[in-house]
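J.: Below you'll find the structure I mean.
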Amino acid sequence: MARILIVEDEVSLSDLVRSHLEKEGHAVDQAFEGHEALVTADRARPNLVILDWMLPGLDGLTVCKELRRKHLMPILMLTARGDVADRVTGLEVGADDYLGKPFSIVELSARVASLLRRVALDTASAAEDDSRPITFATLVLDLAGHRATLAGSSLDLTRREMDLLEVLLRHPGRTFSRDFLLERLWGADFDGLDRAVDTQMVRLRRKLGDLGVCIEAVWGVGYRFRPELRETT
């Protein structure tokens, strides 16, 4: 089964969720405030994080942003905040799903199972399709052949542009921080500025022509690939 990190400052609720998930066969770590959550995530490398919005120290939104700087695991946010704008903000900084408080433990379990299935499918798909071209509309990204085409014409992409496009295409809708993309493309020892990512994005969007609109900037965070934007332009 999976390793899951619960970040919830209400101890009784955290223990209840932990007990239920452990009965389902999962290994569970707990953190009760924001800084502890980040340390535990780096140490335990969970497959999924259940994250409360309202936390002492760093709030859940900040924790979510920090997690997204390094990690790809899905994040399920728990919140008593019912404002749609708040939920949209959480999704924009990297949360994968929301569950409002109070919630049913059965619904929580279903949300967890759904997110873990998505991870399993993504992992299996990546393993199976590493040598297969990735396609979107008229765009074909041939990783094995180190080439890309748009509407049948060759795209002159650099190695980093290819890597960047691969990350975005494999995870549509997921927001990637500039720090994550910097480390992914240049390595942990890169000492340049995060404007390097913005520069790459400008060039990549230009080369993608009309499809470039699908690469969306998330203010203050980074970038994400939204296929549906092509249908509205």
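The values are calculated or read from the model by the stated rules, or taken from the named source; none is laboratory data. None of these values were measured; they are calculated from a predicted model. Note: ideal-geometry Cβ built from the backbone for every residue, glycine included; neighbour counts use all protein chains shown.
J.: Of the residues V49, V106, V63, which is modelled with pLDDT of 90 or more, in a helix (DSSP H, G or I) and under 22 Å from V218 (Cβ atoms)?
T.: The unique qualifying residue is V63.
Per-residue answers, yes or no, for (1) surrounded by fewer than 22 Cβ atoms within 10 Å (Cβ to Cβ); (2) modelled with pLDDT of 95 or more; (3) polar (S, T, N, Q):
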{"site": "I6", "(1), (2), (3)": "no, yes, no"}
{"site": "S14", "(1), (2), (3)": "yes, yes, yes"}
{"site": "L21", "(1), (2), (3)": "no, yes, no"}
{"site": "D42", "(1), (2), (3)": "yes, no, no"}
{"site": "R45", "(1), (2), (3)": "yes, no, no"}
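J.: Can you list residue pairs whose Cβ atoms sit under 9 Å apart, with the first residue in the range 14-33 being under 23 Å from P56 (Cβ atoms) and the second being of a type in the set (S, T, Y) and surrounded by fewer than 14 Cβ atoms within 10 Å (Cβ to Cβ)? Count only pairs 6 or more apart in sequence or on different chains.
T.: V28/S19
J.: Something else about it: Looking at the range 134-189 only, could you name the residues that are of a type in the set (V, I, T) and either more than 21 Å from G222 (Cβ to Cβ) or in contact with a Gly (Cβ under 9 Å, 6 or more places away or on another chain) (or both)?
T.: Result: T135, T138, V140, T149, T175.
J.: Going by the conditions given, is G212 under 22 Å from T62 (Cβ atoms), outside the structural domain of A95 (by TED's automatic domain parsing), surrounded by fewer than 18 Cβ atoms within 10 Å (Cβ to Cβ) and not aromatic (F, W, Y)?
T.: Considered against the rule, which asks whether it is under 22 Å from T62 (Cβ atoms), outside the structural domain of A95 (by TED's automatic domain parsing), surrounded by fewer than 18 Cβ atoms within 10 Å (Cβ to Cβ) and not aromatic (F, W, Y), G212 comes out as no.
J.: Now a separate question. Read through the list (1) at pLDDT below 90; (2) closer than 27 Å to D198 by Cβ; (3) in a helix (DSSP H, G or I); (4) not small (G, A, S), then give the number of the only condition that L157 fails.
T.: Condition (3) is where L157 drops out.
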